[in-house]
Amino acid sequence: MLKTRLVAVIILRDGQVVQSVQFKHTNVIHYDAFHAIEAFNRWSVDEIVFLNVSRSDEGKKQFLDIVNKVSETCFVPMAVGGWVTEERYARDLLNCGADKIVVNSIVHTDPSLVSRLADKFGTQCIVSSIDFEKTEHSAHVCIDRGRQRITQHPEEWARYAESLGVGEIMLNCIQNDGNRKGYALEELRAVCEAVSIPVIAFGGVLRWKHLVEGVKAGASAVAAANIFHYTEHSTKHAKRFMADRGVLVRKEGII
Amino acid sequence: MAVKVAVADYGCGNIKSVVNALNVVGAEVHIAKDASELALGDKIILPGVGAFREAMEHLHTRDFIGSLKDEVFDKGKDILGICLGMQLLCRGSDEGGDIPGLAWVDADVKHFNSLGLQGLKVPHMGWNELMIQRSHTLVGGIDQCSDVYFVHSHAVQCDHLDDVLTYTDYGVKFVSSFAKDNIFGMQFHPEKSHKVGLHILKNFVEA
């Protein structure tokens, strides 16, 4: 049967791997993207998500070069994104070896582009990354790397993205990002129930039990960023923990 | 001498991952943007992502079909169809109406929902197991139930059990790879299936 995927997220700013805490990226992790990819490859992570948070045109261009280079040694699926606002850039990323394109703000600002990308490159190729902020009684989706709040609920937004043709949702709660308390389970559960496409849970993992909680909430894949960078063989330990608790994971890469 | 592999670049999806993986397993890769360049390979890979209809149209309009037939049937070269490329080798797909394929293997391609899949997410995306049905060079050294990476919404069903190399179970059992003479197909992505996938690609290259 299909395994639950363990996904490592690598966030890049100006070519350097950074930590993200509530969408602020102050802490540079002291190794580059190539070493990160190499380690995750060696540890048999199931998939890699590679996000560029540099806003400059120069940063976007540099990101292309990095994707092009790391894809040469990345033999698991690689989803990449960050400021994908035109078809040409998406195509460039794919030509550089990306397997999937992660979109975010354009679901709001240019929904027809999302559909066009799904038509051109296939539904399975487009991942809709949804960031949201919890409020006292509700939750609202944010775009532009958390800078702009829009009125919709995450599950409503996930359904909308699905209707535009995306093949997967990646859900991240801004308050939980880097807070080490685990995923925002209530919203995760609601989104998983709202759509018929796979959902990747992201944001807030410190303990391996958080990954299992994400699976129980309905996620098809569980992701983390910061925590995987700090310990040797981290993803292998994570898989062992998941397997011991009855989660079906890929056999390779279990310690 | 490195084995030469021609990768058909007929305008359906990016081929960089396949090329990267072939480089790692020691093949000499020739990207065939033009059908005539298929002749440069000792073996041929037919990759493909996206829609069945569009892919068949591309093969027709770029004149790949005649050249592929020459290489595979007249010269007897091995061909490996990956993902959509495997499906194109079948009789046809129910994707977007009933579209005829190359029909080199007696098999049909159907959407998971019309195969009776219920309650599971489509596309079938992620790592799943190979149930190896027989010994064959392609799966030499591969453990039973090895995990490989899939991403697809349509699945292959073969007429003849003899053609089936591996099954995979996603609520329904479908053909995840077939081998008929020198014609091979893999629904999963060996180029994205880490060590197991590279091993299988190496088997194909060195067979």
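The values are calculated or read from the model by the stated rules, or taken from the named source; none is laboratory data. None of these values were measured; they are calculated from a predicted model. Quick reminder, even Gly has a Cβ in these numbers, built from the backbone with ideal geometry, and neighbours come from all protein chains shown.
Overview of results
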{"item": "Among residues of segment B:1-55, those that are surrounded by fewer than 16 Cβ atoms within 10 Å (Cβ to Cβ), without any contact (Cβ under 8 Å) to a residue 24 or more places away in the chain and within 14 Å of chain A (Cβ to nearest Cβ), counted", "result": "1"}
{"item": "Any hit, segment A:206-216, residues being in contact with a strand residue (DSSP E or B) (Cβ under 9 Å, 6 or more places away or on another chain), modelled with pLDDT of 95 or more and of a type in the set (V, I, T)", "result": "yes"}
{"item": "Some residue of segment A:135-143 being surrounded by fewer than 23 Cβ atoms within 10 Å (Cβ to Cβ), on the phi > 0 side of the Ramachandran plot and touching a residue at least 24 places away in the same chain (Cβ under 8 Å)", "result": "no"}
{"item": "Condition met for A:F34 (of a type in the set (F, W, Y) and either in a loop (DSSP other than H, G, I, E, B) or buried (at least 22 other Cβ atoms within 10 Å of the Cβ) (or both))", "result": "no"}
{"item": "Strands (runs of 3 or more DSSP E) wholly inside segment B:1-120 containing at least 2 residues that are farther than 30 Å from A:C96 by Cβ", "result": "B:107-111"}
{"item": "Checking A:V76 against (1) within 11 Å of chain B (Cβ to nearest Cβ); (2) out of contact with any His (no Cβ under 7 Å at 6 or more places or on another chain); (3) not small (G, A, S), the condition it does not meet", "result": "(2)"}
{"item": "Meets criteria (more than 25 Å from A:V127 (Cα to Cα) and of a type outside the set (A, V, I, L, M)) for B:G126", "result": "no"}
{"item": "Residue in segment B:104-114 that is over 24 Å from A:I48 (Cα atoms), without any contact (Cβ under 8 Å) to a residue 24 or more places away in the chain and within 11 Å of chain A (Cβ to nearest Cβ) present", "result": "yes"}
{"item": "Residue under evaluation B:V109, criteria (1) modelled with pLDDT of 95 or more; (2) over 15 Å from the mean Cα position of the chain (by Cα), criterion not met", "result": "(2)"}
{"item": "Residue in segment A:196-203 that is more than 16 Å from the chain's Cα centre (by Cα) and of a type outside the set (D, E, K, R) present", "result": "yes"}
{"item": "Segment B:130-169: number of residues that are in contact with a helix residue (DSSP H, G or I) (Cβ under 9 Å, 6 or more places away or on another chain), in a strand (DSSP E or B) and surrounded by fewer than 22 Cβ atoms within 10 Å (Cβ to Cβ)", "result": "2"}
{"item": "Selected residue (criterion: surrounded by the fewest Cβ atoms within 10 Å (Cβ to Cβ)) from residues of segment A:93-103 that are at the interface with chain B (Cβ under 10 Å from one of its Cβ atoms) and within 14 Å of A:V127 (Cα to Cα)", "result": "A:L94"}
{"item": "Which listed residue is within 24 Å of B:D9 (Cα to Cα) and of a type in the set (V, I, T), from B:V148, B:V122", "result": "B:V148"}
{"item": "Those residues of segment B:171-191 which are surrounded by fewer than 24 Cβ atoms within 10 Å (Cβ to Cβ) and within 9 Å of another protein chain (Cβ to nearest Cβ), in sequence order", "result": "B:G171"}
{"item": "So B:I15, is it at pLDDT 95 or above and among the hydrophobic types (A, V, I, L, M, F, W, C)", "result": "no"}
{"item": "Boolean, B:G96 is within 14 Å of chain A (Cβ to nearest Cβ), buried (at least 24 other Cβ atoms within 10 Å of the Cβ) and within 19 Å of A:F121 (Cα to Cα)", "result": "no"}
{"item": "Boolean, A:H237 is closer than 19 Å to B:W127 by Cα, away from chain B (no Cβ under 14 Å) and of a type outside the set (A, V, I, L, M)", "result": "yes"}
{"item": "Residue list for segment A:209-222, filter: crowded, with 21+ Cβ neighbours inside 10 Å and away from every other protein chain (no Cβ under 13 Å)", "result": "A:H210, A:L211, A:G214, A:A217"}
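The rows are residues; the columns are (1) touching an Asp or Glu at 6+ places or on another chain (Cβ under 9 Å); (2) more than 20 Å from A:M78 (Cα to Cα); (3) in contact (Cβ under 8 Å) with a residue 24 or more places away in the chain.
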| site | (1), (2), (3) |
| --- | --- |
| A:P154 | yes, yes, yes |
| A:W157 | no, yes, yes |
| A:N176 | no, yes, yes |
| A:G182 | yes, yes, yes |
| A:R189 | no, yes, yes |
| A:V199 | yes, no, yes |
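Conditions (1) in contact with an Asp or Glu (Cβ under 9 Å, 6 or more places away or on another chain); (2) under 18 Å from B:E95 (Cβ atoms); (3) free of Cβ contacts under 8 Å to residues at least 12 places away in the same chain; (4) of a type in the set (D, E, K, R), marked per residue:
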{"site": "B:V122", "(1), (2), (3), (4)": "no, yes, no, no"}
{"site": "B:M125", "(1), (2), (3), (4)": "yes, yes, no, no"}
{"site": "B:E129", "(1), (2), (3), (4)": "yes, no, no, yes"}
{"site": "B:T137", "(1), (2), (3), (4)": "yes, no, no, no"}
{"site": "B:Y149", "(1), (2), (3), (4)": "yes, no, no, no"}
{"site": "B:D159", "(1), (2), (3), (4)": "yes, no, no, yes"}
{"site": "B:K192", "(1), (2), (3), (4)": "yes, no, no, yes"}
{"site": "B:G197", "(1), (2), (3), (4)": "yes, no, no, no"}
{"site": "B:E206", "(1), (2), (3), (4)": "no, no, no, yes"}
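Residues are listed down the side, and each one gets a yes or a no for (1) within 14 Å of chain B (Cβ to nearest Cβ); (2) touching a helix residue (DSSP H, G or I) at 6+ places or on another chain (Cβ under 7 Å); (3) in a loop (DSSP other than H, G, I, E, B):
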position: A:K61; (1), (2), (3): no, no, no
position: A:N68; (1), (2), (3): yes, no, no
position: A:E72; (1), (2), (3): yes, yes, no
position: A:R91; (1), (2), (3): yes, no, no
position: A:L113; (1), (2), (3): no, yes, no
position: A:E133; (1), (2), (3): no, no, no
